[in-house]
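A short write-up of the structure that comes next.
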Amino acid sequence: MSARGPSRPLRYSLVLDCHPDSLPHVSASVAKRSLRLRDAILSSYHHNEVKFSELTLDTFRMLQCLEWEPSGSFYQSSGAKNGQNGAPASSRINYSQDIADPTLPPNPRKAVLYRPSVTHFLAVLATVCEELPPDGVILIYLSASGAGMYSDATSPSTLAYPSDRLNPSRGQSKGDGSSFQAGCLQFGTHGNGGMNSIYPSDLVPFTRRPLFLVIDSDNSEAFEAINGVQKGETPAMLLSSSSSYPFASIGSSRQSSGSLFTIFLTAPLQAFCLLIGISGSDIDMDTYNKAEKLLSSSFSDWGSTLVTSDTIDPVWAQILSDPFLRRLLLRFLFCRAALSLYAPTFNKKEFIPKCIPCLPASVLPTTAACQTVILQIVNVFGATGKFVFSEGLELPENRQGDSESMSS
């Protein structure tokens, strides 16, 4: 499926998404504070990936996902202005004017870095941390191929302290004076002394401020090592799987379509269609819209489940009132559930994304509630046979006839 298909805007829409003022709040006894997304650092680099100048497809999706969609009143007020002598003004957009929608909160600040050196990345991150308000949280999105490397202790490529200080299970002596460095992400070509390598330990000093990490890499597991060595704030982490997802769509690939994990976080239903092999030209609009409404309703239910949970970790509880981060988290739940139940990846941990800290058991893919959501959506598309569900799981009565009516 192409990235287009029947689509809603990637940006947060007050018409299609839950209004921030109506978001349910976590009990004050669970969430001691409420954080807002104030800044984001977005960086992606993969060999031969689709990009526009220095803006990659994955970064573009994340960039749009963290923006407010201008409201209808903004379009109306902008287009209704008259020209000279009362003549209608030109509909041509004047990009030099301030196009911020005054009816919406300000967008989070975003820094897009393409193939950054580690010094550039750390300088930007340090500046953002320095300027972060007390109620702020920083989102860091890193998408790149991973690498683990052996290097001499005196090598200039040793940009992070050895992994046994981050993750003892990884630190193994080689007997030749070298130590295994924590797996890193490569944001450039090899052989440049590691100046484009970002290690988990590079982020540790910045855990004095609240961080929301989205790591999309075959080496995302390396960033689990941050948990337990943070300097004050436990970062919230969404980590992609370590193995590439099996695209069912003919002609789909990491290079042409971008990362499936990132698509799930930014356009979840399009990602689901990619997964099951439905192309944009094959989708009936009524079918797609029904699935979209069903998914939106499920997100609302999952959101209510999280905010009312007595076992939710405070790290997650404190960001649930932010519309952007809440939406990313709910889409992650959908991604995890879909991949956990998809037949080719069923019971294969290497294909399942992770979140740290753990979320409540009530939203695990093994629960009847989560499986019912996936069952309803695959039933809409007539793809029930591509998933594995618990024995005895049935569709709610009001959904029984949807498969026949929508696949006809």
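The values are calculated or read from the model by the stated rules, or taken from the named source; none is laboratory data. For clarity, every value in this text was computed on a predicted model and none was experimentally measured. Virtual Cβ from ideal backbone geometry, glycine too; neighbours counted across all protein chains shown.
Being under 19 Å from the mean Cα position of the chain (by Cα), under 19 Å from P9 (Cα atoms) and in contact (Cβ under 8 Å) with a residue 60 or more places away in the chain is a condition met by at least one residue of region 285-292. Which of the following residues is crowded, with 24+ Cβ neighbours inside 10 Å and under 25 Å from E67 (Cβ atoms): L274, L295, L320? It is L274. Tell me, please, whether a residue that is part of a helix (DSSP H, G or I) and within 21 Å of the chain's Cα centre (by Cα) can be found in region 391-398. Checked against the condition, which is being part of a helix (DSSP H, G or I) and within 21 Å of the chain's Cα centre (by Cα), region 391-398 yields no hits at all. Scanning region 68-100 for residues that are touching a strand residue (DSSP E or B) at 6+ places or on another chain (Cβ under 7 Å) and assigned to a loop (DSSP other than H, G, I, E, B), we see that the one that is modelled with the highest pLDDT is E69.
May I ask you to list the residues in region 190-239 that are in contact (Cβ under 8 Å) with a residue 60 or more places away in the chain and either assigned to a helix (DSSP H, G or I) or surrounded by fewer than 16 Cβ atoms within 10 Å (Cβ to Cβ) (or both)? Scanning region 190-239 gives M195, D202, L203, F206, R208, S220, E221, A222, E224, A225, I226, V229. Of all residues in region 108-127, those satisfying the criterion of being part of a loop (DSSP other than H, G, I, E, B) and surrounded by 19 or more Cβ atoms within 10 Å (Cβ to Cβ) are P108, P116. Candidates are the residues of region 252-271 that are surrounded by 18 or more Cβ atoms within 10 Å (Cβ to Cβ) and not in a helix (DSSP H, G or I); the one that is modelled with the highest pLDDT is A267. Of the numbered criteria (1) closer than 11 Å to D101 by Cα; (2) modelled with pLDDT of 90 or more, the one T59 fails is (1).
Considering region 295-315, and only residues there that are among the charged types (D, E, K, R) and in a loop (DSSP other than H, G, I, E, B), the residue that is nearest to P357 (Cα to Cα) turns out to be D313. Evaluate the following for S321: is it in a loop (DSSP other than H, G, I, E, B) and within 24 Å of Y141 (Cα to Cα)? Yes: the conditions hold for S321.
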